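Peer 1: Sharing a structure with you now.
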Amino acid sequence: MSDMNAINDQTLERTYRAMLERRAKGQDRRACATPEELLAVVEGKAPEPERVRILRHVGSCALCHKELELLRLTADVVEQVARPQWTSRPVLAAAAGVVLLIGGVALWSRRGGVGGSGTEIERGTGAIALMSPREDSAVTRPLTLIWASDSGTPRYQLELLDRDGSPLYLMTTRDTTAAIPDSVPLEPGKEYRWWVRALRADGTQPASTVRRLRIAP
Amino acid sequence: MSLRDSLSTALDSVMIRFTRLVRSVGRRRGLDDADLDEMEQEVRLRLWKALATSDRVREAKTSYLYQTAMSATLDMIRRRRARPQEDLETMEAADSPDLPVGAAPDVEFEQSELAARIDHAIDELPEPRDVVVRLHLSGYHRTEIAELLGWTEPKVRNLLYRGLEDLRASLIERGIGPRRVA
């Protein structure tokens, strides 16, 4: 089999994903993770051994993979839609846990968004210090974002946005660094924004300022 | 404006933002439009039922919105599982990334055989490297794998590096010679 001898990383990934797609056809789902198990993984509520077991299956089942992604997407997007930061009403920034979904001048409902043309950037409280890259730096890929640790914070949520405020990459992590995947489309010469929110155990969510970066030409 | 219209406007404002984010993030995560459409409709309907007035929409707490939306998506998944044929049709309609339409049977057999050998080689990887490798090959970036597993990114990077090295060696033993796996 000459093709086998010529396999490289891309072929390996394509072959694996194609196998998952073929396997999904007519798949008996009795061995699949239950929807509740997938939800427990997304919400970080499954104990580690369970998490590993469920994700081992997700990595070998295209149907469970898709369902996990739908749940992850819902969780990430709802948090974004309901997010109180970056509004033009100071009272909202302080109203932890309570959101005003409409009626205000929220970032996402505003054409131009953060730092839109001629618009002053509306910043978070700056409670979380951003470390690297520095404000308005020109950076190269691979891109790693670093911020300072916040005591008592088990998780952080990072957002990378384009100039218009549209999210390009969202992630939740226990680290204080984030490597932006190469699959995230960042164009040389263009400006992007990023910020971090701490998800503290007590329910408060202090945020960093919004920082600009540019991809070096 | 009637109460119903007012509620509709309030929900629309929420859903415009919700839809915009769902589309941009969902497509990047490889979800197709049919999935995203169904999820949006399910969430919209659930919010409509749960938040009977526009004031409630405006004042809804994050946690309540979260629970409502997650419950809607969870129900959608349950309903789909009760109709397995639908998923089958969706999968059949999707493009096969490595096999052209009407691929010759011998090519298809060779690809299936290759996939089976890769799958078997991953099964033999030590735990938990196998999990990280499977998630990587199924399309997750290591930062996402770290998030899902609740591990640090350096730990995942290390497991992935070693797991792919093991996989390379195992595939070579099976007569499959990857030039570069990661």
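Peer 1: Which condition does A:ARG155 not pass, out of (1) under 13 Å from the mean Cα position of the chain (by Cα); (2) under 15 Å from B:GLU153 (Cα atoms); (3) open to solvent by less than 10 Å² (accessible area, probe 1.4 Å); (4) not aromatic (Phe, Trp, Tyr), if it passes all the others?
Peer 2: (3)
Peer 1: Within region A:55-65, identify whether any single residue is of a type in the set (Lys, Arg) and open to solvent by less than 50 Å² (accessible area, probe 1.4 Å), and answer yes or no.
Peer 2: Within region A:55-65, the subset of a type in the set (Lys, Arg) is A:56.
Then drop every residue that is not open to solvent by less than 50 Å² (accessible area, probe 1.4 Å), which leaves none.
No, because not a single residue in region A:55-65 is of a type in the set (Lys, Arg) and open to solvent by less than 50 Å² (accessible area, probe 1.4 Å).
Peer 1: Then there's this: Quick one: B:ALA121 ticks every box in (1) on the phi > 0 side of the Ramachandran plot; (2) small (Gly, Ala, Ser); (3) at pLDDT 70 or above except a single one, so which number is it?
Peer 2: Exception for B:ALA121: condition (1).
Peer 1: Could you list, in sequence order, the residues of region A:24-42 that are surrounded by 17 or more Cβ atoms within 10 Å (Cβ to Cβ) and either assigned to a helix (DSSP H, G or I) or without any contact (Cβ under 8 Å) to a residue 12 or more places away in the chain (or both)?
Peer 2: Listed by number, the residues that qualify are A:ALA24, A:PRO35, A:GLU37, A:LEU38, A:LEU39, A:ALA40, A:VAL41, A:VAL42.
Peer 1: Sticking with this structure for a sec: Looking for whichever is more than 19 Å from A:VAL81 (Cβ to Cβ), open to solvent by 20 Å² or more (accessible area, probe 1.4 Å), of a type in the set (S, T, N, Q) and modelled with pLDDT of 50 or more here; the options are A:THR140, A:THR119. Which one fits? Spell out how you get there, then give the answer.
Peer 2: Numbers: A:THR119 fails: modelled with pLDDT of 50 or more.
After applying the criteria, what remains is A:THR140.
Peer 1: Which condition number does A:LEU145 fail, the rest of (1) more than 24 Å from B:ARG23 (Cα to Cα); (2) loosely packed, with under 15 Cβ neighbours inside 10 Å being met?
Peer 2: The failed condition is (2).
Peer 1: Within the bounds of region B:92-103, is there any residue that is under 19 Å from the mean Cα position of the chain (by Cα), buried (at least 17 other Cβ atoms within 10 Å of the Cβ) and modelled with pLDDT under 90?
Peer 2: Start the filter on region B:92-103 by keeping residues that are under 19 Å from the mean Cα position of the chain (by Cα), which leaves B:92-97.
Keeping just the survivors that are buried (at least 17 other Cβ atoms within 10 Å of the Cβ) gives B:96.
Checking which are modelled with pLDDT under 90 leaves us with B:96.
Checked region B:92-103: at least one residue is under 19 Å from the mean Cα position of the chain (by Cα), buried (at least 17 other Cβ atoms within 10 Å of the Cβ) and modelled with pLDDT under 90.
Peer 1: Quick one: how many residues across region A:175-217 are buried (at least 16 other Cβ atoms within 10 Å of the Cβ) and touching a residue at least 24 places away in the same chain (Cβ under 8 Å)? Steps first, answer last, please.
Peer 2: From region A:175-217, those buried (at least 16 other Cβ atoms within 10 Å of the Cβ) are A:175-181, A:186, A:192-200, A:205-215; that's our starting set.
After this cut, where a residue has to be touching a residue at least 24 places away in the same chain (Cβ under 8 Å) as well, the list is A:176-180, A:186, A:192-200, A:205-215.
Counting residues in region A:175-217 that are buried (at least 16 other Cβ atoms within 10 Å of the Cβ) and touching a residue at least 24 places away in the same chain (Cβ under 8 Å) gives 26.
Peer 1: Quick one: in region A:9-25, which of the residues that are more than 7 Å from chain B (Cβ to nearest Cβ) and within 15 Å of B:LEU171 (Cβ to Cβ) is nearest to the chain's Cα centre (by Cα)?
Peer 2: Per the stated criteria, the residue is A:GLN10.
Peer 1: Checking A:GLY165 against (1) open to solvent by 10 Å² or more (accessible area, probe 1.4 Å); (2) more than 19 Å from B:ALA146 (Cβ to Cβ), only one condition comes out false. Which one?
Peer 2: Just one mismatch for A:GLY165, condition (1).
The values are calculated or read from the model by the stated rules, or taken from the named source; none is laboratory data. Everything quoted here is computed from the prediction, not taken from an experiment. Note: ideal-geometry Cβ built from the backbone for every residue, glycine included; neighbour counts use all protein chains shown. These area figures cover heavy atoms from the full protein model, side chains too; ligands, DNA and RNA do not enter into them. Shrake-Rupley method; radii C 1.70, N 1.55, O 1.52, S 1.80 Å.
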